[in-house]
Amino acid sequence: MNPFFIDTHCHINEPEFSEDLDQVVARARESGVGLMLLPSVNTESPASIIDVCNRWPDCTRPMIGLHPEDLSQDFHAQLDVLKSMLDLDRAGRRSFVAVGEIGIDLHWDQSRLDDQIEAFRTQLEWALEYDLPVSVHCRDAHDVMVSVMEPYLNTGLKGVFHCFSGNAQQAMQLLEHGGFMLGIGGVLTYRKSPLPEALADVPRNRVVLETDCPYLPPVPHRGQRNEPSYLALTAQFLADVWGIGLEELSEITTANARHLFNL
């Protein structure tokens with residue numbers, strides 16, 4: 001039996017893939033990646049995401065959300081546009097599998113923290129309203145994220161802390177949210193990453209795999225464009241950390257992703 005993987009977070013709709021997307025999707029399938037979930041970042045990205053998902057309906061699924069780095073000065077208008085798209089989607093056939101990518105990012109700019117928090121909370125409420133998981137982005141904002149999400153501990157909110165790259169203590173803090181999992185990508189393979197130690201004792205039913213391509217490629221592809229086919233490298237690394245075979249790892253993480261995103 002060949003391993004089957006789900007890339008729970010990949011931006012293959014972005015311009016970095018415009019020249020060779022057919023080949024990228026083919027390589028993903030050849031490597032065992034049978035499903036790819038595409039997060040939205042602003043009001044423009046849903047169109048390209050839906051286009052990709054219409055071209056490959058058997059192996060792609062769309063999300064919808066506003067990334068904290070993509071907030072315009074009138075971010076309420078952005079949220080209104082995305083919410084209207086979500087409302088139309090829910091009134092028809094179900095296609096968006098999650099609200100994301102949403103969250104808090106203080107790496108480049110801390111001046112709009114209040115706006116980021118407001119946008120984040122608004123979209124968390126969408127997820128509760130429509131019983132959808134969220135894909136949460138958190139960069140240089142762990143303590144703020146923990147504080148903002150504390151009121152949601154017992155609400156039934158579910159999702160993934162995308163691109164988790166923290167330590168064991170931070171992992172346990174986030175996993176106090178019982179409906180959440182950690183999204184693990186190429187950072188796991190980096191020489192100074194805290195993830196191998198952090199994931200050693202994380203329950204195996206609380207982890208999903210992702211690439212976040214075109215960003216954060218695993219070793220030995222650092223410095224290159226990341227793509228879904230590289231997910232197998234991260235998977236093998238995690239299998240080694242857990243001391244299990246690749247096939248078992250694929251079964252665990254695929255079951256986790258199917259459960260979380262209702263795939």
Classify the range 181-263 from the C-alpha gyration tensor, please: rounded if a/c falls under 1.5, else prolate or oblate depending on whether a/b exceeds b/c.
oblate
Per residue, what accessible area does the chain have, given a 1.4 Å probe and all protein chains present, in Å²?
44 Å²
If DNA, RNA and ligands are ignored and the probe is 1.4 Å, what is the ranking of LYS192, LYS83 by accessible area, most exposed first?
LYS192, LYS83
Over all Cα pairs of the chain, how is the pair count split among 5 Å bins, expressed in % and running from 0 up to the last occupied bin?
1, 6, 14, 19, 21, 18, 13, 7, 2, 0, 0
Extension gain from VAL81 to SER193, taking 0.36 nm per residue of separation minus the Cα-Cα distance:
36.5 nm
So how exposed is CYS138, as accessible area in Å² (1.4 Å probe, rounded to 10)?
50 Å²
In sequence order, calculated HN-Hα J values of the range 232-249 (Karplus, 6.51, -1.76, 1.60; Hz; x Gly/Pro):
4, 5, 5, 4, 5, 5, 5, 4, 5, 4, 7, x, 10, x, 5, 5, 5, 4
Estimated FRET transfer efficiency when R0 is 22 angstrom, pair ASN2-ALA47 (beta carbons, to 0.05)
0.05
Percent accessible area from carbon and sulfur atoms, the chain, protein chains only, probe 1.4 Å:
48 percent
Added length on full extension, which subtracts the Cα-Cα distance from 0.36 nm per residue, VAL219 to ARG139:
26.7 nm
Return the loop-located GluC sites (Glu not before Pro) in the range 1-61 (DSSP other than H, G, I, E, B) with at most 15 other Cβ atoms within 10 Å of their own Cβ; answer none if there are none.
GLU19, GLU44
Residue-averaged 222 nm ellipticity for the chain, from DSSP H runs of 4+ at -39500 (n - 2.57), nearest 500:
-12000 deg cm²/dmol
Burial-style ranking of 171-181, 119-129, 240-250, average other-beta-carbon count within 10 Å with highest first, yields 119-129, 171-181, 240-250
Report the relative contact order of the chain, percent, no decimals, based on alpha-carbon pairs under 8 angstrom and at least 6 residues apart.
21 percent
Between ASP58 and ASP201, what is the label-point separation in nm under the 7 Å Cα-to-beta-carbon projection?
4.5 nm
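The values are calculated or read from the model by the stated rules, or taken from the named source; none is laboratory data. Here the structure is a predicted model, which means the values were calculated and not measured. Cβ: placed from backbone, ideal geometry, glycine included. Neighbour counts: every protein chain shown. SASA here: full protein model, heavy atoms, side chains in, ligands and nucleic acids out. Shrake-Rupley method; radii C 1.70, N 1.55, O 1.52, S 1.80 Å.
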